[in-house]
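Heads up: the structure comes next, in structure tokens.
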Amino acid sequence: MSVIYNEFKRANAAGEIDLDDDDIRAILLMANTSAGSENDGKVYVSDLTTLDECNAGGYSRQALANKVVNKDDANDRAAFDADDVVFASLGGDAARNHVGVLLYKHVGADSANPLIAYIEFTSPITNAATQVTVPWHADGILLLT
């Protein structure tokens, strides 16, 4: 299940996370992650019980590019969007299938990187994949209502 972390909601409202100006990154997660089933009390990436980050050769976390926050008066919301994220040059040798991405504000170590959201794929992507492209929804990555 996808999750927008409660701590992100608080930090966003307090102006501590600026989605279009901060360094927002994505982590590709595998099937044993607990990111979609945890929320209460989770603040930083290191707080998740089981991250299960992709371990395929050539994998690296990806910074979101061309981030933007738009106001949508017609639908009474704001939308956070960015270019689709691409995890390229994977070795096709991950231990488990890929099931989603974790978004966080990058400030350094995972013990200081605030969680934003976990977005689960509609279906798992094979662990033999050599590239994983995450196409964001046409309305945006996150909708703030």
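Brief remarks follow.
- Subset tally (residues that are farther than 17 Å from ASN127 by Cβ and of a type in the set (A, V, I, L, M)) for segment 23-46: 5
- Taking the criterion of being buried (at least 20 other Cβ atoms within 10 Å of the Cβ) and not in a loop (DSSP other than H, G, I, E, B), the residues of segment 23-49 that qualify are ILE24, ARG25, ALA26, ILE27, LEU28, LEU29, MET30, VAL45.
- Hits in segment 50-75 (condition: of a type in the set (Lys, Arg) and not in a loop (DSSP other than H, G, I, E, B)): LYS71
- In segment 35-69, of all residues being polar (S, T, N, Q) and under 24 Å from TRP136 (Cβ atoms), the one that is nearest to the chain's Cα centre (by Cα) corresponds to GLN62.
- Candidates TYR118, TYR59, filtered to the one that is modelled with pLDDT of 95 or more, closer than 20 Å to VAL43 by Cα and among the hydroxyl-bearing types (Ser, Thr, Tyr): TYR118
- If you go through segment 65-88 and keep only what is touching a residue at least 60 places away in the same chain (Cβ under 8 Å), within 28 Å of THR130 (Cα to Cα) and among the aliphatic types (A, V, I, L, M), you end up with nothing.
The values are calculated or read from the model by the stated rules, or taken from the named source; none is laboratory data. All figures in this text were calculated on a predicted structure; none of them were measured in a lab. As a convention, Cβ positions derive from the backbone with ideal geometry for all residues, glycine included, and neighbour counts pool all protein chains shown.
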